[in-house]
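The values are calculated or read from the model by the stated rules, or taken from the named source; none is laboratory data. Worth saying up front: this structure is predicted, and the values here are computed from it rather than measured. Neighbour counts run over all protein chains shown; Cβ positions are idealised from the backbone, glycine included. Ligands, DNA and RNA are excluded from the accessible area calculation, which covers all protein heavy atoms including side chains. Shrake-Rupley method; radii C 1.70, N 1.55, O 1.52, S 1.80 Å.
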2 protein chains.
Amino acid sequence: MLTHAAEDYLKSIYKLQEKVGKVSTGILAEYLNVKPASATGMIKKLKTMQLVKHERYQGVTLTDAGKAIALEIIRHHRLLELYLFKALGVPWDGVHEEAEKLEHVISEDVEARMDEFLGYPTADPHGAPIPDKNGVVIKRMSIPMTDLCSGQSCVVAEVSDTDSALLRHLGSFNLYPGTAFRVIEVAPFEGPFTIDIAGQQVVIGREVAKHIFVDDVKE
Amino acid sequence: MLTHAAEDYLKSIYKLQEKVGKVSTGILAEYLNVKPASATGMIKKLKTMQLVKHERYQGVTLTDAGKAIALEIIRHHRLLELYLFKALGVPWDGVHEEAEKLEHVISEDVEARMDEFLGYPTADPHGAPIPDKNGVVIKRMSIPMTDLCSGQSCVVAEVSDTDSALLRHLGSFNLYPGTAFRVIEVAPFEGPFTIDIAGQQVVIGREVAKHIFVDDVKE
DNA sequence: AAATTAATTTAGGCATACCTAAATTATATA
DNA sequence: TATATAATTTAGGTATGCCTAAATTAATTT
């Protein structure tokens, strides 16, 4: 079996691969809050296990085996988040941290039971897709909120899950995945967004908007 | 914060203290499936943290601080067992192993939510008492089934939780905590027990009976 | 009491996974 | 192209927690 650290590396490589494309040692180390030298060491270990491909100074890529494990961990994480949220009422700004610890120790059996309880869901409380048992991920075609213009309507698809304070902030406006809103005004010079959520007028700063992804954009 | 290993040592010392009284290095090592030398090492570490008292060759005792941590871990374990059993339908012969991993990573917040969901229970699926938030344990006055004589009636109070095969065996007779039965016959020369459970006649071997503790004994 | 046996502790090693500091390699600039 | 800068890797060190083997201490037997 893999160590927790190895699982975290695989998960992080997968996520960075999605976001940035090429995954360098430095980017990976920064993401995991370790030094580049530590990342190099783990990459070497994962390479001997045939879970990653790596050429010196050229970054890492997951092998099929590595990707399968990464998706399994991500599935654990997101199912746990949703379970904690729905079954135990843990606030959505707390589920990430909790799931981060549980994802490495939960059994496939318990996971299957949570999955059944939740009705085989496809997204976690932040809107991120939950890979199925075979590692198949259904990708949504969402765009960053910062791409919206005045007058456009849309639905929140996903928000980033790591910043607890941000999530509390969004929660105070009811800005959850599935929530519809309309852009009233985009302030010039990279300014904030004024939006309408269920009749309420709310101002969302640009830095915050970067962490919100939307769907179903209409004029 | 303590390591998982340190938590396991404290928990084991507590349990052995209950069962055997004096806890020697050798007993502790055997219980934890490590070598005596390893136990000595951890005992030293726990001593510097003032969680145990230890005189060379004289065995270990928990300090109040150590006992508090031991009871906290035991509370985690038993609440998790009951939660997995009741909320997710994990069979009672599987909850111990699962809880063994989760007990070290579950937060106080999630634990409190499980506790509420379960209605502040006082016993786990095997009948073991769940310490409350302040580490108070309500002890039951149960006796081993092997002390019973022909004709006596009783109620199952507790069964040992570590042997999964034993639990499946007991489950097949509906021999859960709370189940009442009457001893029909005790075979001589340390032989098996024949009992009546809800009209069904069942034979329980002496080795199995040693792991069953009963309450409410009547003639 | 002496000798044997058993329990415990010390000493020295291994693996994991992190660190810092130095060396190396690649890339960008002059 | 030579040099400066940035990224990466190597080398060597720390802490945890396990191991084996040897030394010590305690308990039992003769």
Any residue at all in the range A:135-142 that is over 30 Å from B:Glu98 (Cα atoms) and open to solvent by less than 60 Å² (accessible area, probe 1.4 Å)?
-> yes
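Can you tell me which residues in the range B:52-85 are within 16 Å of DNA strand C (Cβ to nearest atom) and among the hydrophobic types (A, V, I, L, M, F, W, C)?
B:Val52, B:Val60, B:Leu62
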Taking A:Cys154, is it touching a strand residue (DSSP E or B) at 6+ places or on another chain (Cβ under 6 Å) and either surrounded by fewer than 17 Cβ atoms within 10 Å (Cβ to Cβ) or more than 14 Å from chain B (Cβ to nearest Cβ) (or both)?
-> yes
Could you list, in sequence order, the residues of the range A:79-91 that are in contact (Cβ under 8 Å) with a residue 40 or more places away in the chain and either open to solvent by 40 Å² or more (accessible area, probe 1.4 Å) or more than 23 Å from B:Tyr83 (Cβ to Cβ) (or both)?
-> A:Phe85, A:Pro91
Just give me the residues in the range A:78-119 being under 19 Å from the mean Cα position of the chain (by Cα), within 10 Å of chain B (Cβ to nearest Cβ) and among the aliphatic types (A, V, I, L, M), in sequence order.
-> A:Leu84, A:Val90, A:Val95, A:Leu102
Go through the range B:114-132 and give me each residue that's open to solvent by 20 Å² or more (accessible area, probe 1.4 Å), charged (D, E, K, R) and under 21 Å from A:Leu84 (Cβ atoms).
-> B:Glu116
Quick one: which helices (runs of 4 or more DSSP H) lie wholly within the range B:22-105 and hold at least 1 residues that are within 14 Å of DNA strand D (Cβ to nearest atom) and not β-branched (Val, Ile, Thr)?
-> B:25-32, B:36-48, B:95-102
Assuming A:Ser160 fulfils every condition listed in (1) touching a residue at least 24 places away in the same chain (Cβ under 8 Å); (2) within 14 Å of chain B (Cβ to nearest Cβ) apart from one, which condition is it?
-> (2)
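Do we have A:Ala70 as open to solvent by less than 10 Å² (accessible area, probe 1.4 Å) and away from chain B (no Cβ under 14 Å) here?
Numbers: open to solvent by less than 10 Å² (accessible area, probe 1.4 Å): yes; away from chain B (no Cβ under 14 Å): yes.
Here the answer is yes, as A:Ala70 does meet what is asked.
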Any chance B:Leu32 is surrounded by 14 or more Cβ atoms within 10 Å (Cβ to Cβ), within 24 Å of B:Leu102 (Cβ to Cβ) and in contact (Cβ under 8 Å) with a residue 24 or more places away in the chain | yes
Of all residues making up the range A:157-185, the number that are over 19 Å from the mean Cα position of the chain (by Cα) and open to solvent by less than 40 Å² (accessible area, probe 1.4 Å) | 2
Identify, by number, the condition in (1) open to solvent by less than 60 Å² (accessible area, probe 1.4 Å); (2) at pLDDT below 95 that B:Lys44 doesn't meet.
-> (1)
Restricted to the range A:1-29 and to residues being away from DNA strand C (no atom under 12 Å from the Cβ) and open to solvent by less than 30 Å² (accessible area, probe 1.4 Å), the residue farthest from the other protein chains (Cβ to nearest Cβ) is A:Val23
Looking at the range A:1-20, which of the residues that are away from DNA strand D (no atom under 13 Å from the Cβ) and either among the small types (Gly, Ala, Ser) or outside any helix (DSSP H, G or I) (or both) is modelled with the highest pLDDT?
-> A:Ser12
Taking the stated definitions as given, is B:Lys53 in contact with a Lys or Arg (Cβ under 8 Å, 6 or more places away or on another chain), open to solvent by 40 Å² or more (accessible area, probe 1.4 Å) and away from chain A (no Cβ under 14 Å)?
-> yes
